[in-house]
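The values are calculated or read from the model by the stated rules, or taken from the named source; none is laboratory data. This is a predicted model, so every value here is computed, not measured. Virtual Cβ from ideal backbone geometry, glycine too; neighbours counted across all protein chains shown.
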Amino acid sequence: MIELLKIEWLKLKNYTAFKVLAIFFALGVVGVNYVIFLINREVVQQVPIPGVSTLAPYGFDMTWHTTSYATGCILLLPAMLLAILITNEYGYKTHRQNIIDGLTRQQFIGTKLMLALIFAAVATILVFITALVFGLFSDTSFSFNRIENVGYFFLKALTYNLFAVLVSVLVKRTGFAIGVLFIYMGGENFASQALWAFSIYLKQDKNIEVTNLGDYLPLNAADGLLEFPENTIKTVSKSIQPQDLYWLVFALAIGYIALFFWWSKRKFTKADL
């Protein structure tokens, strides 16, 4: 596998799209969190609302959670990069040439799946470093409080990446794959909001206690692991919101990761090249 990854790196290191999207993502991790930091300092801290104006989202009590949650909004970038890399193999017929040259189908798709894992790991390392730096400049005591959210971020990043791999081996065309990613993510977000509202309706009007039904959807299962950081307003609104069943959401997220991995591998190994 190491030799295969070295070959993959030779493909990547001079590829312009890889460099551009990687730089955009790295800058985005810092930029998104810096914008939130500024908004909190210049706007929220100036609003005289008890419990809200005293928030310190990048203090060590919350920095791991806040940074992980905020960075989740740009996970489309590494997923899109994976889709471009894989569909280009189909477009230029290099996937077929690699098989002819001696790679097995399992080795080829295994390398792409390993890339999904590596991209998720690198993104997680960037989140960890960014959260640490913001925390160090927050004048708060060092703490690993809520560090588990960085792990949840990794699972979310891996889910998005593996979904991108699956879409790529299913549709095979770059533009189509990127379009499917955008359309599906938008559609699932809309559906999840509708299911969230329906969950509230069941709780308030029918007295049926359920978790957020939107978290049952593939990408939203991973999103559900990283909820909006705790604050006074969220605490008050919990009385009308569906109950949190983190064990169920976690199990669903792991299940979808396994499904995307299995489906991608099976599709490539069984399909006609």
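Observations
- Residue list for the stretch 1-34, filter: assigned to a helix (DSSP H, G or I) and of a type in the set (Phe, Trp, Tyr): TRP9, PHE18, PHE24, PHE25, TYR34
- Within the set ILE86, ILE99, the sole residue that is in contact with a helix residue (DSSP H, G or I) (Cβ under 8 Å, 6 or more places away or on another chain), over 12 Å from VAL127 (Cα atoms) and surrounded by fewer than 17 Cβ atoms within 10 Å (Cβ to Cβ) turns out to be ILE99.
- From PHE198, PHE163, PHE144, residue being touching a residue at least 60 places away in the same chain (Cβ under 8 Å), surrounded by fewer than 17 Cβ atoms within 10 Å (Cβ to Cβ) and not aliphatic (A, V, I, L, M): PHE144
- On inspection, ASN14 fails the criterion of being within 30 Å of ILE118 (Cβ to Cβ) and at pLDDT 90 or above.
- Condition met for PHE228 (under 30 Å from ARG41 (Cα atoms), in contact with a helix residue (DSSP H, G or I) (Cβ under 7 Å, 6 or more places away or on another chain) and either at pLDDT below 90 or crowded, with 16+ Cβ neighbours inside 10 Å (or both)): yes
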